[in-house]
Amino acid sequence: MNPSNEPSFRDSVDMMFNRAVALMDLPPGLEEKIRVCNATYTVRFGVRLRGKIQTFTGYRSVHSEHMEPVKGGIRYAMAVNQNEVEALAALMTYKCALVEAPFGGSKGGLCIDPREYDDHELELITRRFAYELIKRDMINPAQNVPAPDMGTGEREMAWIADQYKRMNTTDINGVACVTGKPTNAGGIQGRTEATGRGVQYALRAFFRDEQGKKKAGLEGKLDGKRVIVQGLGNVGYHAAKFLSQEDGCKVVGIIERDGALHDEAGLDVDAVYQWIAKHGTITGYPSANCEADGAKLLEGECDILIPAALEGVINLSNAERVQAPLIIEAANGPVTAGADEILRKKGTVIIPDMYANAGGVTVSYFEWVKNLSHIRFGRMQRRQEEARHQLVVDELERLSSDSGIGWQLSPNFKEQYLRGAGELELVRSGLDDTMSTAYDSMAAVWHGRDDVDDLRTAAYLVSIDKVAASYRAKGL
Ligand code: NAD
């Protein structure tokens, strides 16, 4: 994907890290301690499929254990390799610190094209991979907690959780060994769409920041902004759907692995998603222009570009031609270090991956806490909250009637005010709060320091500072 004169993904992450630490005053040696990846475990295992043994290669990398458990998704893709997994694990460390999820960073991957296998085969492969990691405590509720990533979802997480429970029958917290599970198997409401929802909240936070908008040359609200999204998977689909259906954005372009759709009038995200689910391809979608060279649309005219597929897609070969004034990195590492420099010089504002896609790990954190507390959020207080609100409404209505004023509370107000928060409302509230708080902490550095001219450096400064504080507290 990257031109050969570009650094690897891992080097790209390190270069961005180095640019930030050059502006910090860390004790000697701590910078390297934070930067390096603590350990990467490679596993090769065989599974008997279709009459012969097939050998698979997988990885689990632990970047930093300044907090435990360490956390990070498991990716299923043919391009998975040690370098990529280590880069992604490093990003997890910085991401968790930035959004104050109390985890170290980790990541896993399996070299596999999941589309080549049926459900039963994928279950066998996933269970075997999980077995290899569980027996080495590389999946464990107290030490290392995976989640979904590219090519995996709640189904794979449910298999992993079940495998852990089979191997640890007396661990009462076993279900917390992995997050992103289905709600009927220990998951939490709102996790599936959490990363896309987080992208939406991140953009809302950005559009409340007048100084930030000015730097990008943008004005007004999200309403009417033209969006191009790459990758209509879990993250891209939910982000595009929420932005178009709830914030009035116009999704004018959708890029998938086999082409791109373009329509200035705005695409129906759900219809495209359903088309792909049914036909397995974006091509042939009837109501838009389809271009075979999908990646070309990354250079298309729009207000917001959302790369939500894979790393390195905006690189030295196309960065100069990217027209979007605002890029939000929904995927991990979609902009290489070289492209980042070109875009910064052009004045493009980039909302960095470690913040933009942190919604997933944030809601994973809520799921983990729910699993450890063995009770769904809101279960104890919801009815009590509703009863107290009912008291206020009854009293207001009595006062209004007794005084003869005759005020009526609108049915809409009553309905909203009387309804106590359930799990989904609490998850959304926690996610919104997390994304807003983290944005403010980055923006304070971005706008407040003369030597910081981009959000990525600001994000690194905030998160490295937190990781360093953790190490200092440990006496390191
Ligand atoms: P996914 O597998 O659900 O979706 C990926 C999508 O990208 C698919 O629709 C796929 O067809 C498409 N795609 C693949 N190659 C492409 C190409 N060359 N051009 C255009 N589209 C292409 O994966 P996901 O979970 O949505 O993850 C996407 C990105 O978001 C990854 O970088 C991942 O690390 C990151 N991320 C995911 C989560 C999460 O909760 N799932 C959390 C944080 C970050």
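The values are calculated or read from the model by the stated rules, or taken from the named source; none is laboratory data. Keep in mind the model is a prediction, meaning the values are calculated, not measured. In this analysis, Cβ positions are derived from the backbone assuming ideal geometry, glycine residues included, and neighbour counts consider all displayed protein chains. For accessibility, only protein heavy atoms count, side chains too; no ligands or nucleic acids. Shrake-Rupley method; radii C 1.70, N 1.55, O 1.52, S 1.80 Å.
A few notes on this one:
- Only one entry of Leu418, Leu455 meets the criterion of being surrounded by 11 or more Cβ atoms within 10 Å (Cβ to Cβ) and over 28 Å from Phe17 (Cα atoms), and that entry is Leu418.
- Some residue of region 165-185 being of a type outside the set (Phe, Trp, Tyr), touching a residue at least 24 places away in the same chain (Cβ under 8 Å) and within 23 Å of Gln54 (Cβ to Cβ): yes
Table: residues versus (1) within 12 Å of the ligand (Cβ to nearest atom); (2) farther than 24 Å from Asp432 by Cα; (3) open to solvent by 10 Å² or more (accessible area, probe 1.4 Å); (4) among the hydrophobic types (A, V, I, L, M, F, W, C).
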| position | (1), (2), (3), (4) |
| --- | --- |
| Ile350 | no, no, yes, yes |
| Ala356 | yes, no, no, yes |
| Tyr365 | no, no, yes, no |
| Trp368 | no, no, yes, yes |
| Gly378 | no, no, no, no |
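- Taken together, the criteria place Ser12 among residues that are surrounded by 18 or more Cβ atoms within 10 Å (Cβ to Cβ) and in a helix (DSSP H, G or I).
- Scanning region 152-179 for residues that are of a type in the set (Ser, Thr, Tyr) and closer than 27 Å to Asn234 by Cα turns up Thr152, Tyr164, Thr179.
- Members of region 73-101 found to be in a loop (DSSP other than H, G, I, E, B) and within 16 Å of the chain's Cα centre (by Cα), listed by number: Gly73, Val99, Glu100, Ala101
- Restricting region 157-180 to residues that are closer than 17 Å to Val363 by Cβ and within 16 Å of the ligand (Cβ to nearest atom), the residue that is most open to solvent (accessible area, probe 1.4 Å): Ala158
- Taken over region 421-431, the criterion of being in a loop (DSSP other than H, G, I, E, B) and either buried (at least 16 other Cβ atoms within 10 Å of the Cβ) or not small (Gly, Ala, Ser) (or both) is satisfied by Ala421 alone.
- Region 321-359: number of residues that are in contact with a helix residue (DSSP H, G or I) (Cβ under 6 Å, 6 or more places away or on another chain) and among the charged types (D, E, K, R): 2
- Among helices (runs of 4 or more DSSP H) entirely within region 120-222, having at least 3 residues that are of a type in the set (Phe, Trp, Tyr) singles out 194-208.
- Among the residues of region 318-336, the one identified as open to solvent by less than 10 Å² (accessible area, probe 1.4 Å) and assigned to a helix (DSSP H, G or I) is Ala319.
- Scanning region 291-317 for residues that are within 13 Å of the ligand (Cβ to nearest atom), of a type outside the set (Asp, Glu) and not in a strand (DSSP E or B) returns Ala292, Gly294, Ala295, Lys296, Leu297, Leu298, Ala308, Ala309, Leu310, Gly312, Val313, Asn315.
- Among the candidates Gly233, Gly198, Gly187, residue that is within 16 Å of the ligand (Cβ to nearest atom), open to solvent by 20 Å² or more (accessible area, probe 1.4 Å) and small (Gly, Ala, Ser): Gly233
- Residue in region 252-290 that is nearest to the ligand (Cβ to nearest atom), counting only those that are of a type in the set (D, E, K, R) and open to solvent by less than 70 Å² (accessible area, probe 1.4 Å): Glu256
- Residue match in region 432-444 (condition: outside any helix (DSSP H, G or I) and closer than 30 Å to Ile34 by Cβ): no
- Cross-chain or 6+ apart pairs with Cβ under 7 Å, region 430-445 first and in contact (Cβ under 8 Å) with a residue 12 or more places away in the chain and closer than 18 Å to Asp465 by Cα, then small (Gly, Ala, Ser) and outside any helix (DSSP H, G or I): Ala438/Ala358
- Considered as a group, the residues in region 301-317 that are in contact with a Lys or Arg (Cβ under 9 Å, 6 or more places away or on another chain) and farther than 17 Å from Val235 by Cα include one that is least open to solvent (accessible area, probe 1.4 Å), and that residue is Cys302.
- Count of residues meeting criterion [farther than 19 Å from Met354 by Cα and surrounded by 17 or more Cβ atoms within 10 Å (Cβ to Cβ)] in region 27-39: 2
- Taking region 401-435 as the range and being aliphatic (A, V, I, L, M) and either closer than 30 Å to Ile188 by Cβ or in contact with a Lys or Arg (Cβ under 6 Å, 6 or more places away or on another chain) (or both) as the test, the residues that pass are Leu418, Ala421, Leu424, Leu426, Val427, Leu431, Met435.
- Residues that are within 12 Å of the ligand (Cβ to nearest atom), open to solvent by 20 Å² or more (accessible area, probe 1.4 Å) and outside any loop (DSSP other than H, G, I, E, B) occur in region 105-114; there is at least one.
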